[in-house]
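Visitor: Please see the structure below; I have some questions.
The values are calculated or read from the model by the stated rules, or taken from the named source; none is laboratory data. No experiment lies behind these values; they were computed from the predicted model shown. Methodologically, a virtual Cβ is constructed for each residue, glycine included, from the backbone with ideal geometry; neighbour enumeration extends over all protein chains shown. Ligands, DNA and RNA are excluded from the accessible area calculation, which covers all protein heavy atoms including side chains. Shrake-Rupley method; radii C 1.70, N 1.55, O 1.52, S 1.80 Å.
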Amino acid sequence: MSRPPKPIYKTINWQAYNQALRQRGSLAVWFDPEMQWDAVPSGRRGRQQAYSDAAIQACLTLKVLLGLPLRQATGFVASLLELSGLGWSVPDFSTLSRRQKTLDVTIPYRGPKGPLHLLVDSTGIKVEGEGEWHRRKHGASKRRVRRKIHIGIDEETPEIRAVEVTSSNAGDAPMLPKLLKQIGLDRQIATVTADGAYDTRACHDAIAD
């Protein structure tokens, strides 16, 4: 059986195409002048921290996004702060290395305008092991490890509001109460949408509570 011919696509909107390629290389970084860059005194005895968790997280975020070593990341942040005219000092690489081990990461959340409409599902991820081609050809490896991610997503934003990581044999329904507890009592949940795996009495009771 002959293979079907490969489709040929012809670009006709060259102006939009070129602009899209240029946009891939654009970079814009904003620093909020109102953010707490310097650390607030803790009131405890001993040496106080010089930089807030937000400052450390900002530096480490740019480091990860651009794939920079710590020293280059500090230089890059220093150049951005100089261009912005904020006059903030930059943590040195040893400070970043030390603080990243215990950093309490804060993920900004915009939040819906009204009650939360939550979408719940799960997916499997491969943590360790050979690729799919190797598995089909030589069989599954004993070192092959898989994990399961259970997530709750805001239908409006859409942002992840709750997440749980389990072994691959964990069921979906038992994880729903844990996901709902991460939402918080101050947030009203209007609806919870999921597939038939969550259609159990325990899940209905957790949603009702």
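Visitor: Pick the calculated log10 I(q)/I(0) by the Debye sum over Cα atoms at q = 0.07, 0.12, 0.13 Å⁻¹ for this structure from [x] -0.26, -0.76, -0.88; [y] -0.41, -1.05, -1.12; [z] -0.20, -0.61, -0.72?
Guide: Evaluating log10 I(q)/I(0) by the Debye sum over Cα atoms at q = 0.07, 0.12, 0.13 Å⁻¹ on these atoms matches [y].
Visitor: Apply the Karplus curve 6.51 cos²θ - 1.76 cosθ + 1.60, θ = phi - 60°, to the phi angles in the range 194-206 and return the couplings in whole Hz, x for Gly and Pro.
Guide: 8, 8, x, 5, 9, 7, 10, 5, 4, 5, 5, 5, 5
Visitor: Ignoring everything except DSSP H segments at least 4 long, calculate the 222 nm mean residue ellipticity for the chain; use -39,500 (n - 2.57) per segment, divide by total residues, nearest 500.
Guide: One gets -9500 deg cm²/dmol as the mean residue ellipticity at 222 nm.
Visitor: List the equivalent ellipsoid semi-axes of the range 33-97 in whole Å, largest first, each obtained as the square root of 5λ for an eigenvalue λ of the Cα gyration tensor.
Guide: Calculated on Cα positions only, the semi-axes equal 21, 15, 10 Å.
Visitor: Note down the net charge around Trp88, summing +1 for each Lys or Arg and -1 for each Asp or Glu among other residues with Cβ under 13 Å from its Cβ.
Guide: Summing Lys and Arg as +1 and Asp and Glu as -1 gives -4.
Visitor: Using packing as a proxy for protection, rank 117-123, 28-34, 186-192 so that the peptide with the highest average count of other Cβ atoms within 10 Å comes first.
Guide: Ranked from most to least packed, the peptides come out as 117-123, 186-192, 28-34.
Visitor: Still on this structure: Roughly how many Å is it from the Cα centre of the range 1-45 to that of the range 48-97, as a whole number?
Guide: Rounded to whole Å, the Cα centres lie 20 Å apart.
Visitor: When a/c is below 1.5 the answer is rounded, else prolate if a/b is larger than b/c, else oblate, so apply that to the range 147-209 with a ≥ b ≥ c taken from the square roots of the Cα gyration tensor eigenvalues.
Guide: In terms of gyration-tensor shape, oblate.
Visitor: Go through 40-47, 197-204, 4-11 and give me the packing order, highest mean Cβ count within 10 Å leading.
Guide: Ranked by mean Cβ neighbours within 10 Å, highest first: 197-204, 40-47, 4-11.
Visitor: Within the accessible area of the chain, what % is carbon and sulfur when the probe is 1.4 Å and the other protein chains stay in place?
Guide: Summing carbon and sulfur atoms, their accessible area is 53 percent of the total for the chain.
Visitor: Okay, moving on. Student exercise: in the chain, how many lysine pairs 8 or more apart or on different chains have Cα atoms under 19 Å apart?
Guide: Lysine pairs satisfying the spacing and distance rule in the chain number 6.
Visitor: Just the number please: accessible area per residue for the chain, 1.4 Å probe, all protein chains included, in Å².
Guide: 76
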